[in-house]
Each structure stands twice: as structure tokens, then as C-alpha cells.
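None of the figures in this text is laboratory data; all of them are computed from the coordinates on show. This is a predicted model, so every value here is computed, not measured. All Cβ positions, glycine included, derive from the backbone under ideal geometry; neighbour counts span all protein chains shown.
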Amino acid sequence: MPLNIILQSVQDVASTPQSTLSGIYFGACAIGRERTAHKLLGGEHGEQAGLKWIAGYSKDADWTTSSAVDFVFWDSYLRAVDPDLEALSDHKAVFKAAETVGRLMSGAVDLLGFNVYVRERGAVRGLLA
């Protein structure tokens, strides 16, 4: 799917009053590239869409290996709690999930080009680079 269609779709969803969209996880091959992150998170487009993070694969991804990465990411993200067992903010949960994937699945991260990109203080950076 062309990047401009993804960008327009994200902006359409984000512009609805009830939208709480803060991030996108791309499970498809070769969409989670740094270029995509900069287009979706950086500059005017990122501000308009309200996105704070994206994750995905920059290379062709074997579905079994990528499924394992997906599972570890979402398991960590959805179970992210602080010491008082309160759910972490989306921002902190994304950082925790990225750290967990990087620690437990470093070989798969390198093999598949998996990364999590965040927008902070106007800059886009990869958490697993």
C-alpha cells in the first residue's frame, strides 16, 4: 500500500472527535522503515495525526518469526504496570515493550529489521536502533 494512502487514512481516523489513536503497529513486511516513521511521526503530518509511535519491520518478515516478535511486543505492552500494579501510560508501555523485545528477541529484531519509532520533542528516533 502506498505511503500516501496510509498517511491519509491515519489522518482521517485521527481527525475524528472520538479518536484515541496514539500509535500504529505494522505487521506487514517492509513498512516499518525509518522513512515511514519520519513521514507518519515527523513534521506537520505527525502533529496532525497525533501519533506518538509506530512499530514494524523494515525487511521481509517470515511470518512465524515475526509472529513471535509480535506476541512478545503485545504481551509486554498490554501487561505494562508500575510497582503499584497501575497500568502504565501508553508512552511508557511502548518503551517497556520495545525494551522487552530488544532484550528477549535481539536476533529476530536484527533479522527482520524490527524497530519502534517514537516522536519526542519534535524528533523521531528508533528505540531499537
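Quick check on the chain: take the gyration tensor over C-alpha atoms, sort the square-rooted eigenvalues as a ≥ b ≥ c, and tell me if it's rounded (a/c under 1.5), prolate or oblate. Write down the numbers at each step before the final one.
Values: a/c = 1.76, a/b = 1.14, b/c = 1.54.
Oblate, since a/c reaches 1.5 and b/c is not below a/b.
Using a 7 Å offset from the Cα along the Cα-to-Cβ direction at both residue 90 and residue 110, what is the distance between the two label points in nm, to one decimal?
Rounded to a tenth, the inter-label distance reads 3.3 nm.
Hey, can you grab everything whose amide H is under 5 Å from the amide H of residue 125? Only 5+ residues off in sequence or another chain; H modelled, so Pro and N-termini drop out.
Those lying under 5 Å, H to H, from residue 125 are 118, 120.
How would region 10-83 be classified by its alpha-carbon gyration tensor: rounded, prolate or oblate, with rounded meaning a/c under 1.5 and the a/b versus b/c comparison settling the rest? Numbers along the way, then the final one.
Working: a/c = 2.25, a/b = 1.28, b/c = 1.76.
Judged from the Cα gyration tensor, region 10-83 comes out oblate (a/c at least 1.5, b/c at or above a/b).
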